[in-house]
Amino acid sequence: MVTNSRPFSIKRMPGFSLLALACFFALYMPLAPLVFYSFNAGNNIALWEGLSLRWYVAAWENDLVQSAAIRSVVVAVIASVVATSLATMAALGTTRTRPYRGQTSIYAMVNQPLMVPEIVTAVALLILFALIKESTGYHGYAYLVSAHTAFCIPFAYLPIRARLEGMDRVLEAAAADLYATPWRTFTKVTLPLLLPGILAGAMLAFVISLDDVVITEFVKSAGQDTLPTYMLGQLRRTITPEINAISTVLLGVSVVMVAIIFFLSRKKT
């Protein structure tokens, strides 16, 4: 009796290649005109008038774009650092402990924001921060940073937890057998092995924060525009290839960050 010993692979299914190409076309084809017309010399976003870096220069010299970009980066850096720190502790608390009652519920609660529509989270944060503003009178950037941090925690948590679950505990057990304290085992064994997952989680959180529009639009106060909300405001007024240029730069940053996340996540333990 002859049996087929080859493992199942979706790649061998009929029409897989065609379906994959169709998906890639639907995902990335709309980006091609965006990038193409960012190099347009004219003022029209859909009429080609020659090759030029005019709109990249205009965006670079625009004071509003500069301030919004700096604000976006600062908020994203702070939010990603705090979110990654909290996500790392949450991942350790749900993987590097003995099973306990409610462990699955905690895992579900950490990931719940991924399932809730972003607009719901934005409205909830708007109401909460409105109450705090009314009682304290404070209208600073802490609200924006806190909102981005809360939203980014699940995105940082997933690659860190995945890294922990893929790590062999033999080295940690060996360190304990050699009388290493839990803290020394963590700093000398667990943390170095976990570092690629932490960096991947931090970069993913940074990209999510940098690109966020909905939560920022609901939470920000006057004069606190980030780059995405500035672009949204410009689209409501006059559309020029400057928006294409800014979008292309953001796209490039996102692609680079995602590529780094991919390679870090693939690194073997």
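The values are calculated or read from the model by the stated rules, or taken from the named source; none is laboratory data. Computed from a prediction, not measured in an experiment: that's the story for all the values here. A quick note on method: Cβ atoms are made from the backbone with ideal geometry, for glycine too, and the neighbour counts reach across all protein chains shown.
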Please report, ordered by residue number, the helices (runs of 4 or more DSSP H) entirely within segment 127-227 with at least 3 residues that are surrounded by fewer than 17 Cβ atoms within 10 Å (Cβ to Cβ) and without any contact (Cβ under 8 Å) to a residue 60 or more places away in the chain.
170-177, 182-185, 191-211
If we keep just the residues of segment 92-107 that are small (Gly, Ala, Ser) and loosely packed, with under 10 Cβ neighbours inside 10 Å, which is modelled with the highest pLDDT?
105
The correct count of residues that are loosely packed, with under 12 Cβ neighbours inside 10 Å and either more than 23 Å from the chain's Cα centre (by Cα) or over 19 Å from residue 146 (Cβ atoms) (or both) in segment 108-126 is 3
Listed residues 87, 22, 41; which is over 30 Å from residue 199 (Cα atoms) and in contact with a Gly (Cβ under 7 Å, 6 or more places away or on another chain)?
41
Which of the residues belonging to segment 169-212 are among the acidic types (Asp, Glu) and under 27 Å from the mean Cα position of the chain (by Cα)?
211, 212
Considering only residues that are part of a loop (DSSP other than H, G, I, E, B) and free of Cβ contacts under 8 Å to residues at least 40 places away in the same chain, which ones fall in segment 17-38?
29, 30
Selection within segment 44-91 - surrounded by fewer than 18 Cβ atoms within 10 Å (Cβ to Cβ), within 22 Å of the chain's Cα centre (by Cα) and polar (S, T, N, Q)
66, 67, 85
